[in-house]
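S.K.: Once you've had a glance at the structure underneath, I'll fire off some questions.
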């Protein structure tokens, strides 16, 4: 078996989703092993929503494309009734691309896109379960701070941790 060396330089970052991205993103989210079947369905639904409604969907995407295959993606959108606050809904990287810096690159691309849209704050929600410790470390290592913790939000012993980063001063 020959291992292919993966390079971020080989990727193209695009903001338009394609019909083939629906299945690819569903597969990537499922392959991470972090998400339930229902959560995978939500990730797929957001891609389909963007395809059917365009910008009116409120969902923006950055897709890391490896010669036609999705290596990773993120989805974000402005929070309704706010001035410049955005949610980062999803960020997921295909297993072969994990630990290559792609997650960080997608996060930086999203931060820049949000700042370019006059965004001020980015919010990210995740679970307090031990399985998500690497996820929380990832956000903390990228200068996100805990803004709130909602105790037992997802279930007993499973709190919602909300991170925030200021990308532009008001």
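S.K.: Would you tally the residues in region 39-80 being in contact with a strand residue (DSSP E or B) (Cβ under 6 Å, 6 or more places away or on another chain), surrounded by fewer than 20 Cβ atoms within 10 Å (Cβ to Cβ) and assigned to a helix (DSSP H, G or I)?
M.R.: Qualifying residue count for the region: 0.
S.K.: List the residue pairs whose Cβ atoms are under 6 Å apart, where the first residue sits in region 69-84 and is touching a residue at least 40 places away in the same chain (Cβ under 8 Å), the second is exposed (fewer than 13 other Cβ atoms within 10 Å of the Cβ), and the two are 6 or more positions apart or on different chains.
M.R.: Every condition considered, the pairs that remain are 84/118.
S.K.: A further question on this structure: Within region 143-170, which residues are surrounded by fewer than 16 Cβ atoms within 10 Å (Cβ to Cβ), free of Cβ contacts under 8 Å to residues at least 40 places away in the same chain and either out of contact with any strand residue (DSSP E or B) (no Cβ under 7 Å at 6 or more places or on another chain) or assigned to a loop (DSSP other than H, G, I, E, B) (or both)?
M.R.: 143, 155, 156, 157, listed by residue number.
S.K.: While we're on this one: Give the residues of region 85-98 that are closer than 21 Å to residue 39 by Cβ, part of a strand (DSSP E or B) and more than 11 Å from the chain's Cα centre (by Cα), sorted by residue number.
M.R.: Pass one, region 85-98, residues closer than 21 Å to residue 39 by Cβ: 86-95, 97-98.
Within this subset, residues satisfying the condition of being part of a strand (DSSP E or B) are 86-93.
Once the filter is applied, which keeps residues that are closer than 21 Å to residue 39 by Cβ, part of a strand (DSSP E or B) and more than 11 Å from the chain's Cα centre (by Cα), region 85-98 yields only 86.
S.K.: Within region 99-109, count every residue that is part of a loop (DSSP other than H, G, I, E, B) and buried (at least 17 other Cβ atoms within 10 Å of the Cβ).
M.R.: Looking only at that region, the number is 1.
S.K.: Does region 28-37 include one or more residues that are surrounded by 15 or more Cβ atoms within 10 Å (Cβ to Cβ) and more than 20 Å from residue 87 (Cβ to Cβ)?
M.R.: Yes - at least one qualifying residue is present in region 28-37.
S.K.: Could you go through region 26-38 and let me know if any residue there is assigned to a helix (DSSP H, G or I) and closer than 20 Å to residue 114 by Cβ. Talk me through it step by step, then tell me what you get.
M.R.: Of the residues in region 26-38, the ones assigned to a helix (DSSP H, G or I) are 26-31, 37-38.
From the residues that got through so far, the ones that are closer than 20 Å to residue 114 by Cβ too are none.
Within region 26-38 (the criterion being assigned to a helix (DSSP H, G or I) and closer than 20 Å to residue 114 by Cβ), the answer is no, since none of the residues qualifies.
S.K.: Using the structure shown, decide if residue 136 is modelled with pLDDT of 95 or more, over 21 Å from residue 46 (Cβ atoms) and within 14 Å of the chain's Cα centre (by Cα). Steps first, answer last, please.
M.R.: Working: modelled with pLDDT of 95 or more: yes; over 21 Å from residue 46 (Cβ atoms): yes; within 14 Å of the chain's Cα centre (by Cα): yes.
Criteria met by residue 136.
S.K.: Let me ask something else. If I ask for residues that are out of contact with any helix residue (DSSP H, G or I) (no Cβ under 6 Å at 6 or more places or on another chain) and either within 22 Å of residue 130 (Cβ to Cβ) or surrounded by 13 or more Cβ atoms within 10 Å (Cβ to Cβ) (or both), which ones from region 14-27 would you list?
M.R.: Let us first name the residues in region 14-27 that are out of contact with any helix residue (DSSP H, G or I) (no Cβ under 6 Å at 6 or more places or on another chain), namely 14-16, 18-20, 23-24, 27.
Residues satisfying the conditions are 14, 18, 24, 27.
S.K.: Please determine, by comparing only the residues of region 121-142 that are under 12 Å from residue 104 (Cα atoms) and touching a strand residue (DSSP E or B) at 6+ places or on another chain (Cβ under 6 Å), which one is surrounded by the most Cβ atoms within 10 Å (Cβ to Cβ).
M.R.: Per the stated criteria, the residue is 139.
The values are calculated or read from the model by the stated rules, or taken from the named source; none is laboratory data. Treat the numbers as computed from the prediction; the structure is a model and nothing was measured. With ideal geometry, Cβ positions are generated from the backbone for all residues, glycine too; neighbour counts draw on all protein chains shown.
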